[in-house]
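Notes for the one structure printed next.
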Amino acid sequence: MSDTETPDGAHPDSHSQPHSDPGEQAYAAAPVFEGATEPVEEQHSRRLPLVLASVAAALVLGAALAAPLVDRALRGEEQAQRALDLSLVETWDVTDRRHTDDDLTYPQDPPAGGAHHPVWLACGVYDEPVREENAVHDLEHGTVWITHDPGLSDDDVDALAAQLPDNGILSPREDLPSPVAVTVWGAQLRLDGADDERLGLFLEEYGDGQTAPEIGVSCRGGTPDPGGALPGEGTNA
C-alpha cells in the first residue's frame, strides 16, 4: 500500500473537514424573513391603532344612521299624541260646490261644506246666528267657523273670540250638539267648552285652510249681515 492510499477507500482529506449535521445544513439554507422574529406584543401594539380607528369610524357611521331614525320616532310619537288629542275630529269628502239661492239642508250640524249661497259673510264675531248657506261659502274660502251655544257666558265668548283667526267667523247657533264646535271645509270637532284645549290643536292643524277648495281666499269683503243680505251696491261679495 502506498503512502497516498488510505484504508477502506477513504478520501485523503476526510479527516481534515469538520463533521456537519444535515439538520444544521438545512437550517442554514432556509431563507430568513425580515420581521419573522418580531415579538407578538409589538405586532399587537402596531395593530391596535388600526382597530381603534375602525371602531371609531363604525360608531360615527352608526350614530349618523341612527339620528334620523330617532328623530322620526320622536316626531312620530308627537304626531301620534296629536292624533289622539284630535281623534274625535270628523271629516267628510265634500265635492258639491254649487251656488244657489235656495235654503238648504246639510248632513252636518253645523254644516261642513256643500252647495252654498253666492254671497259669503264678512269675517268677525256675530252676536246672533248666521245664515248657514252664506257661512258655507266662507268655508269654501278656507274660513274657520266657530259656533257656540247661545247660553255661553260673555267671558267664554270673549275667550273664543280671542282665539278666532283673522280669517274666521264666530257666531251662536241654536240647538248645537255641543257647547262649542269648530268647523272648516270637510272637518269638524265638537268641543266641551271655551276652555277646551283641543281648539288650539284644531286651529294649528286646520286653521290654514288646507282642506278648502279655494284655499287662501279671505272672508273679507263679504256681507256683514248675519242673514246674508247684501248691505248695498258696491259691496265686494
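Looking for something in a helix (DSSP H, G or I), more than 15 Å from Pro226 (Cβ to Cβ), open to solvent by 20 Å² or more (accessible area, probe 1.4 Å) and modelled with pLDDT of 95 or more - is there at least one such residue anywhere in segment 141-154? Yes; the residues of segment 141-154 include at least one that is in a helix (DSSP H, G or I), more than 15 Å from Pro226 (Cβ to Cβ), open to solvent by 20 Å² or more (accessible area, probe 1.4 Å) and modelled with pLDDT of 95 or more.
Considering segment 202-220 alone, what residues qualify as being in contact with a strand residue (DSSP E or B) (Cβ under 9 Å, 6 or more places away or on another chain) and surrounded by fewer than 17 Cβ atoms within 10 Å (Cβ to Cβ)? Once the filter is applied, which keeps residues that are in contact with a strand residue (DSSP E or B) (Cβ under 9 Å, 6 or more places away or on another chain) and surrounded by fewer than 17 Cβ atoms within 10 Å (Cβ to Cβ), segment 202-220 yields only Gln210. When Arg72 is tested against (1) within 20 Å of Pro226 (Cα to Cα); (2) modelled with pLDDT under 95; (3) basic (Lys, Arg), exactly one condition is not met: (1). The set of residues in segment 121-171 that are aromatic (Phe, Trp, Tyr) and within 34 Å of the chain's Cα centre (by Cα) contains only Trp145. Taking the condition among the small types (Gly, Ala, Ser), touching a strand residue (DSSP E or B) at 6+ places or on another chain (Cβ under 9 Å) and in a helix (DSSP H, G or I), does Ala161 pass? When the stated conditions are applied, Ala161 passes them. Flag: Glu133 matches the condition of being in contact (Cβ under 8 Å) with a residue 40 or more places away in the chain, within 15 Å of Ala229 (Cβ to Cβ) and in a helix (DSSP H, G or I). Kindly indicate whether Leu199 is crowded, with 20+ Cβ neighbours inside 10 Å and part of a strand (DSSP E or B). No.
The values are calculated or read from the model by the stated rules, or taken from the named source; none is laboratory data. Keep in mind that what you see is a predicted model, and the values were worked out from it rather than measured. Cβ: placed from backbone, ideal geometry, glycine included. Neighbour counts: every protein chain shown. Each accessible area value is taken on the protein alone, full model and side chains, heavy atoms only, with ligands, DNA and RNA left out. Shrake-Rupley method; radii C 1.70, N 1.55, O 1.52, S 1.80 Å.
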